[in-house]
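Working notes for the structure below.
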Amino acid sequence: MKKVCFIVGIFLLLNSAKAQIEPTACQSVVDYHISAKLNPSLKTVEGKLMLRWTHPGGRPVAELYFHAYPNAFKNSSSLLFREQARWSKPGKSQIEQFQDDEFGYMDIQSCTAQLGRDLQKIDLRPSLEYRTPNGKVDDDETVFCVTLPRPINAGESVVMDFDFTTKLPRSILRSGYQDNFFFVSQWYPKIGVLEQDLWHCEPYHRDGEFYANFGSFSVDLEIPSGYQVGATGVLQDSLVSDGFVKYRFAQNCVHDFAWMAGKNYRMRRHTFQHPELPPVELILLVQSFNEPLADRIIKATENALKYYGLWTVPYPYQNLTIVDAPWRSNIGGMEYPTLFTIEVTQENRASLSLESLIVHECGHQFWYGMVANNEAQHAWLDEGINSFTEARAMNAAYGLLPQQSIYLKLDGFGIPLTIPGLAYHARLRQWRDFLPQNGRDIIDQPSSAFIDHRSYMTNSYTKAALVMWTLEGILGEETFSQIIKTYSQRFRFAHPKPEDFIQVVKEISPIDLNDFLHRALQTGSRCDYAVDRVESRPAIAEKGFFGEHEAGASKKATADEKLLWNSIVVQRRGEVILPVDIEITLENGETIKHQWDGQSLWHRIEWSGEVGVQKAAVDPEHKIMLDVDLANNTRYRQKSISASLKWTSLWMGWLQHFFEVLAFFS
Amino acid sequence: MNIVSALKQGLALNQKNIKIVPLIYAVNFFLALIFAVPFFVGLHQSIGDLGVRNDLLQGFSLEWWSAIELDADGLLVTLRPALASGYGALFDNAQLLLTGGFKSFGWWILAFGVLYLVVSVFLNGGAIALYADEKRTFSSSRFFSSAGYYFHHFVAITATAILLYFILYKVISPVILNSVAGWTALSSPRVVWWMNFAVFLVILVIVLLLNLIMDYAKIILVVEKKNSAWMAIASAAKFAATHLWGTTGLYLLLSILAIVISLAFAGLLTVLHPSDVIVLFIVFSVQQAFIFAKIWMRLNYYTAQLSYYSDAQTNVRKLRKV
């Protein structure tokens, strides 16, 4: 029996190795070995880090920059808390709700380095200084710099050892604890990215996410017994000793490592399978009272892996962990390599919003996890493209989204009313989110540079998604899919910049979209195409001299009374210039199609014929989702009262009910 | 008298004076029409020649509504997809009763609503006086003279009621809801949802109990020919307390009937999708029948509670004689 099991085991191992493309294609700049121990009562993680960093190329460097992000939660002077207070109502920012022991920090007890083949460890702790590559940021301590005794050259490695303690904050912005749940992210000294002789090591801002080099992680975690544990990478082994469980997780070709430990959690395992994609083991860590939702969560994750895998590149890792973070912990809805978090609310579980959240966060395994742009500088590259792919996947998997109104809405409460017969494409929801923010900011700028949090969200997520929808509309689904696929394949395990994406568009697009991309991404230009006028009137009777100016050559013709003069005027009411379709419907039902390059401010189409115009539409298929007024895209020649009558009637009924509610008090 | 008999007697009494219902309905209809005309004109100007009119005729247009939400002011902003469902108005009503957010639809609508409230106060006086009249036949002169006679008393009762509701909505409810938010800060979403649901249930009970007392106050004021509205409210509170099961049971029975009728109409309106003129006319007719039924139902509360009160008082007098 043992022999049979052994053979089956070997077969499964070989088979899975064949199907799974273990990522090795990345340029491994960093190699992290971490040992960490969680102390739940003190809310601390004591860690030892050994980091091998290889100079990726360029001029020699002596200064190395590191993120110390737990210091974002250290005190009211941190950049994070100051930015958060800027956008909060007085007394409402999270810092003002914190008790003294709920703050967090990172304490670096020791820091040594070994250079090249030198065996001697050099103490770098005295050189440690809290400053960013651009200088000191007031009292913020989220970036530090250490100075090596001598510069290291391209290709040369340095091995650094850190002893550190991370005190976790009460759960805030993607990290911390809530009761017996610990989510540990951005928790170790993480080296910045050296790129073209410049260090990218942003302080921890309120808005904007992260950036790091690809590399390998091997992490030993020591957690008290009784906790469910999930982490980036693959669990190599676990060992129980003295009331603790020691886990070892490892993963290549990732750029970060996050983990969780929680009580009252259930673990569900499921293997994602698809004929064209490698299998992925899904590990769901779900709070016990949310266990009935496990199938829904897994199904949505599978949908994301399927559509993203088919449209971009297959998910390359062996497993994927989904963490159901506690409600109101500020931890749900975030992505890390091979792990993402969700948050179940009464509101999202009652609709497809839960699925949208899962698809979006899982989607970041592709846009962020593999195609890893600098999120702090160009958030739209991952958030925007991911929001586009999310809406596309949601539509493919779940169809149109039902229209819901929420009554008695409070934090954590609301009674939904689904409006029968009303449903819409996910991209229309993105368009609705974008409208109030139109023109307030530009898309392509650092996350911390937006006018406010709402503007950051709208521009980086929804407006950028609408740029993608517009590109797909203009170029067609097939061409744009090719762009997405090429971009994802070319920049898998790489750090693309906006110009890389634009370059791929240029290579594949049959039309020049430079001006559009510039206006859409780097300006707050408005986009609005409208039908301004639709006319049909009897043609002017033929009168006057025709032919030679000789006596008898003139004629006074009578007009053909059936002949109509038709005129359509379409306008470009914004600065964004795109070619647009114009569709004219005649009264006999016949349709005439035109294309307008959109260059001038307006465009007129005139002709005489026996049939009048019924309506005209510019961009009738709503290909240009950046258009801020989609309602003016189609105009009829004649007005009709039917729709107005219908809604007036419904509205009047509502008003009569309103009056009767007041009569309740009479 | 048991509550079912009171309900039956009340229905019969309402039937005998059925002319009051169209009178109140007419006020409701024409007051709403004053708004419906400019609403129609504004809407027609906005969508009359746009392609979105087809979407609005078949269902709804998020494209048009999104722009309206941002830019429009006045009546058009009160148009919402929820109105496409027959249940939309019911959910709105329930929300208003539980939160008191009457000004959320704009001051003009609220001002006309208050006007309707004042007119209703006036008409209630006439209606209850007629119901209490021994002759029990409708006479317009007696109706209006009674309405005028009791008006100031009924205004006092309504003003007291509004003050109490104001305290409930603006003081008591926020305190309870904030406390619940504090207590449940670390609870699961489900617990929070049910806690808030329970709070709204409690608020609903308070709203209905207050309404019940004010109903009996008006009845007592007319039947007992009291000269003080506040004395009538005190007597009503005492009566409701001493006949707790009967008064609340009858109120509950009437409310169940009102809910069943409302759900039936709302269901019918949800099934009917007006996309052509004939169906539109049918929907409009059903909608008006719904309003008519609602007014009829509101008057049933008075007639049934009057019957119950009268019978209870007759029994008391008999006992006193004995």
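The values are calculated or read from the model by the stated rules, or taken from the named source; none is laboratory data. Keep in mind it's a predicted model, so treat the numbers as computed, not measured. Methodologically, a virtual Cβ is constructed for each residue, glycine included, from the backbone with ideal geometry; neighbour enumeration extends over all protein chains shown. Remember, those area values only see protein heavy atoms, side chains included, never the ligands or the DNA or RNA. Shrake-Rupley method; radii C 1.70, N 1.55, O 1.52, S 1.80 Å.
Using a 10 Å cut-off around each Cβ of peptide A:399-412, what is the average number of partner chain Cβ atoms that fall inside?
Mean partner shielding for this stretch: 5.
Taking 7 Å along the Cα-to-C-beta vector as the label spot, tell me the A:GLN522-A:LYS562 distance in nanometres, rounded to one decimal.
Between A:GLN522 and A:LYS562, the label points sit 5.7 nm apart.
Order A:228-237, A:161-170 from most to least packed using the mean count of other Cβ atoms within 10 Å.
Working: A:228-237: 19.2, A:161-170: 21.1.
Peptide ranking by packing, descending: A:161-170, A:228-237.
Mean shadow of region A:159-298, computed from the convex hull of its alpha carbons, in nm²? Can you show the working numbers first?
Values: hull surface 47.4 nm².
Its average projected convex-hull area is 11.8 nm².
Which of the residues in region B:89-115 show a loss of at least 20 Å² in accessible area from their chain by itself to the complete set of protein chains, at a probe of 1.4 Å?
B:ALA89, B:PHE91, B:ASP92, B:ASN93, B:GLN95, B:LEU96, B:LEU97, B:PHE102, B:PHE105, B:ILE109, B:GLY113
So how tilted is helix B:140-167 from the main axis of chain B? Cα-based, degrees 0 to 90, rounded to 10.
70
How much of the accessible area of chain A, in percent, comes from carbon and sulfur atoms when a 1.4 Å probe is used? Could the numbers behind the result be given before it?
Details: 13280 of 27000 Å².
The computed percentage sits at 49.
Can you give me the Cα centroid spacing of region B:212-227 and region A:215-288 in angstrom?
71
Per-residue ellipticity at 222 nm for the protein assembly as shown, helices alone: DSSP H runs ≥ 4 residues times -39500 (n - 2.57), over residue total, nearest 500 deg cm²/dmol? Please report the intermediate quantities before stating the final value.
On the way: 26 runs with 425 residues, N = 988.
Calculated mean residue ellipticity at 222 nm is -14500 deg cm²/dmol.
Can you bin every Cα-Cα distance in region A:252-405 into 5 Å intervals starting at zero and give me the percent of pairs per bin, rounded to whole numbers?
Values per bin, smallest distances first: 2, 9, 20, 23, 22, 15, 7, 2, 0, 0.
Using a cut-off of 19 Å between alpha-carbon atoms, which aspartates and glutamates can reach B:LYS19, once sequence neighbours fewer than 8 places away in the same chain are excluded?
A:GLU660, B:ASP133, B:GLU134
Taking R0 as 25 Å, what's the FRET efficiency between A:TYR130 and A:ALA449 from their Cβ-Cβ distance, rounded to 0.05?
On the way: r = 22 Å, r/R0 = 0.89.
Step by step, r from the Cβ atoms, then E = 0.65.
Find the Cα radius of gyration of region A:53-92, compare it with 2.2 N^0.38 Å by division, and give the number to two decimals. Walk me through the numbers before you get to the answer.
Values: Rg = 16.8 Å, N = 40, 2.2 N^0.38 = 8.9 Å.
Relative to the 2.2 N^0.38 Å estimate, region A:53-92 comes out at 1.88.
Per residue, how many Å² of accessible area does region A:613-666 show with a 1.4 Å probe?
Numbers: 1280 Å² over 54 residues.
Solvent-accessible surface per residue comes out at 24 Å².
Can you tell me what percent of all Cα-Cα pairs in chain A are more than 38 Å apart?
Here the tail beyond 38 Å accounts for 44 percent of pairs.
Take the solvent-accessible surface of the protein heavy atoms, probe 1.4 Å, and return the percent of it on region B:22-158 that carbon and sulfur atoms account for. Don't skip to the answer; put the middle values down first.
On the way: 3630 of 5520 Å².
Carbon and sulfur atoms account for 66 percent of the accessible area of region B:22-158.
With the cut-off at 32 Å, tell me which of the pairs A:LYS409/A:LYS623; B:LYS16/B:LYS218; A:LYS306/A:LYS497; B:LYS218/B:LYS321; A:LYS43/A:LYS89; B:LYS8/B:LYS226 have Cα atoms farther apart than that.
Pairs exceeding 32 Å: A:LYS409/A:LYS623.
Other chains' Cβ within 10 Å of A:619-629 residues: what's the mean? Walk me through the numbers on the way to the answer.
On the way: counts 0, 1, 0, 1, 0, 0, 0, 0, 1, 3, 5.
Average neighbour count from other chains, rounded to a whole number: 1.
Among A:142-155, A:57-70, A:111-124, how do they line up from the highest to the lowest mean number of other beta-carbon atoms within 10 Å?
Values: A:142-155: 17.4, A:57-70: 19.6, A:111-124: 14.7.
Those peptides, ordered most packed to least, come out A:57-70, A:142-155, A:111-124.
For region A:388-462, just say rounded, prolate or oblate: build the C-alpha gyration tensor, square-root its eigenvalues into a ≥ b ≥ c, call rounded for a/c under 1.5, and beyond that prolate if a/b exceeds b/c, oblate if not. Please report the intermediate quantities before stating the final value.
Working: a/c = 2.58, a/b = 1.51, b/c = 1.71.
Oblate, since a/c reaches 1.5 and b/c is not below a/b.
In the calculated pair distance distribution of region A:403-522, what percentage of Cα-Cα distances lie above 18 Å? Display every interim value, and only then the final one.
Details: 4502 of 7140 pairs.
Counting every Cα pair in region A:403-522, those more than 18 Å apart make up 63 percent.
5 Å is the cut-off here: which amide hydrogens, built 1.01 Å from N in the peptide plane, fall below it relative to A:LEU148, excluding neighbours closer than 5 in sequence?
Under 5 Å from the amide H of A:LEU148: A:GLU63, A:LEU64.
Taking the Cβ of A:PRO498 as the center, what net charge do the other residues with Cβ under 12 Å away carry, scoring Lys and Arg +1 and Asp and Glu -1?
Overall, the nearby charge balance is -3.
Please give the total accessible area that chains B and A bury against each other, computed with a 1.4 Å probe and expressed in Å² to the nearest 100. Each step should come with its number before you reach the end.
Numbers: alone 18320 and 31150 Å², together 41680 Å².
The buried area between B and A, both sides summed, comes to about 7800 Å².
On average, how many beta carbons from a partner chain sit within 10 Å of the beta carbon of a residue in A:424-437?
Working: counts 5, 1, 0, 0, 3, 1, 0, 3, 7, 1, 1, 5, 3, 0.
Shielding by partners across A:424-437 averages 2.
For B:GLU69, what is the net charge nearby, where nearby means another residue's Cβ is under 15 Å from its Cβ and Lys, Arg count +1, Asp, Glu -1?
Details: positive: A:ARG429, A:ARG432, B:ARG80; negative: A:ASP433, A:ASP629, B:GLU63, B:ASP71, B:ASP73.
Net charge in that neighbourhood comes out at -2.
If the reach is capped at under 16 angstrom between alpha carbons, list the lysines near A:LYS246, excluding any in the same chain fewer than eight residues apart.
Those lysines meeting the cut-off are A:LYS37, A:LYS48.
B:THR314 label point, 7 Å along Cα→Cβ, cut-off 19 Å on backbone N: hits in region B:202-224?
Label zone hits: B:219-224.
Do you know the relative contact order of chain A, to the nearest whole percent, from alpha carbon pairs under 8 angstrom that are 6+ apart? All intermediate terms of the calculation are to be shown ahead of the outcome.
Values: 1442 pairs, mean separation 64.6, N = 666.
Relative contact order for chain A comes out at 10 percent.
Which residues of region B:185-205 end up with at least 50 Å² less accessible area in the presence of all protein chains than when their chain stands alone, using a 1.4 Å probe?
Those residues are B:LEU186, B:PRO189, B:ARG190, B:TRP193, B:PHE200.
Using a 1.4 angstrom probe, figure out how much accessible area region B:115-229 has per residue, in square angstrom, rounded to the nearest whole. Numbers along the way, then the final one.
Numbers: 5210 Å² over 115 residues.
With all protein chains present, region B:115-229 gives 45 Å² per residue.
Let me check I've understood the local charge: for B:ASP92, count other residues with C-beta under 12 angstrom from its C-beta, Lys and Arg +1, Asp and Glu -1. What total comes out? Mind dumping the intermediate values first?
Details: positive: B:ARG80; negative: A:GLU660.
Cβ neighbours under 12 Å give a net charge of 0.
Please state the equivalent ellipsoid semi-axes for region B:187-235: what are the square roots of 5 times the Cα gyration tensor eigenvalues, largest first, in whole Å?
On the way: eigenvalues 289, 10, 4 Å².
Result for region B:187-235: semi-axes of 38, 7, 4 Å.
For B:HIS152, A:HIS200, what's the largest-to-smallest order of accessible area, 1.4 Å probe? Intermediate values should be presented prior to the final figure.
Values: B:HIS152 115, A:HIS200 50 Å².
I get B:HIS152, A:HIS200, largest accessible area first.
By a straight-distance test (C-alpha under 17 Å), which aspartates and glutamates pair with A:LYS299 as possible cross-link partners, with residues fewer than eight away in the same chain excluded?
Within the straight-line limit of under 17 Å, A:LYS299 reaches these aspartates and glutamates: A:GLU281, A:GLU291, A:ASP324, A:GLU343, A:GLU355, A:GLU361, A:GLU390.
Using the Karplus curve 6.51 cos²θ - 1.76 cosθ + 1.60 with θ = phi - 60°, work out ³J(HN,Hα) for each residue of region A:118-129 in order, rounded to whole Hz, and write x for Gly and Pro.
With the stated coefficients, region A:118-129 comes to 4, 8, 6, 8, 9, 6, 9, 4, x, 8, 5, 9 Hz.
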